[in-house]
1. Any idea what angle helix 22-32 forms with the longest principal axis of the chain, computed on alpha-carbon atoms, 0 to 90 degrees, nearest 10?
2. Compute the acute angle (0 to 90°) between the alpha-carbon long axis of helix 202-211 and the principal axis of greatest extent of the alpha-carbon atoms of the chain; round to the nearest 10°.
3. Along Cα→Cβ, 7 Å out, is where each label goes; now give me the distance between the ones at Glu67 and Thr229 in nm to one decimal.
4. How big is the Kirkwood radius of the range 1-153, worked out from every pair of different alpha carbons and given in Å to one decimal?
5. Sort 144-155, 217-228, 100-111 by the packing proxy (mean of other Cβ within 10 Å over each peptide's residues), most packed first.
6. Within 10 Å, count the other beta carbons around each residue, average over each peptide in 28-41, 163-176, and list them highest first.
7. Hey, if you put +1 on the Cβ of every Lys and Arg and -1 on every Asp and Glu Cβ in the chain, which of Leu63, Gly213, Val82 ends up farthest toward the positive end of that dipole?
8. So, R0 is 35 Å and r is the distance between the beta-carbons of Thr88 and Trp187; what FRET efficiency does that work out to, to 0.05?
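The values are calculated or read from the model by the stated rules, or taken from the named source; none is laboratory data. Just so it is clear, the model here is predicted, and its values are computed rather than measured. Cβ: placed from backbone, ideal geometry, glycine included. Neighbour counts: every protein chain shown. Each accessible area value is taken on the protein alone, full model and side chains, heavy atoms only, with ligands, DNA and RNA left out. Shrake-Rupley method; radii C 1.70, N 1.55, O 1.52, S 1.80 Å.
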Amino acid sequence: MADAFEDADLAAYYDLINGFGDDDRFYLGLVLAATAVLDVGCGTGTLLKAARAGGHEGRLVGLDPAEGMLLQARRDPGVDWVRGDLGTVAFDGEFDLVVMTGHAFQVFLTDDEVRAQFTAIRRALTPDGRFAFETRDPGARAWERWTPENGTEVVGHGGERVRVEHFVESVVDGLVTMTETFSSPDWPEPRVDRGTLRFTDAEHLDALLRDTGFDVAERYGSWDRTPPTATSREIITIARPGPRPAARRR
């Protein structure tokens, strides 16, 4: 549900809704150990800002298509913030780490979209580079918890109270379509965004990685690096470039 944050006003609430958590700390350790890092779908840039503040002196690039998010990110000039996506901005062997955080992977709704992303990321990596990302494990059925009664309330920088609620409209073949509603007593009306997320199991995910020339190097089921189990909520993957894939038959 990133579309809402195209809006600069709503993007200002993103960091309030999504505090710095265990997932950020997991990725921060990887970033601090790398020399050149690309954050695909960087949002407001929380991760790369923390890396720079933590002493990272190498190249940090944040890529995001949402101008509203980048307006927040650009308040910190210590990172190269780029508007766009891997379909419009290309990199060639420039990074020893690429990350895709915040479940951004789930906005790609077809195998072809995923293959295009993975192919571009493999091209962006050095031969010994790593690609780290996560997706929600479909077995945990996270969408069942996306209900109005499980909404989140924050207080904005101007003191206004804002509530964020989700409502799932449909779950079909791994595609979850839902609305995200922002409301405040200080606003004349709520603001509603609608979007779809894809849930992919580990077996299919690994096939897509192999198709695009990646080998899975590490796999976790939670941010404390415990192995996946039947009750894991996350599929956390660190992949490395493997043999170049054979040309796909048309």
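1. 40 degrees
2. The angle comes out near 50 degrees.
3. About 4.8 nm, to one decimal.
4. 16.1 Å
5. On the way: 144-155: 12.3, 217-228: 14.4, 100-111: 18.4.
For the peptides 144-155, 217-228, 100-111, the packing ranking is 100-111, 217-228, 144-155.
6. Values: 28-41: 20.0, 163-176: 14.1.
Averaged packing, sorted descending, gives the order 28-41, 163-176.
7. Toward the positive end, the furthest listed residue is Gly213.
8. Calculated value: 0.60.
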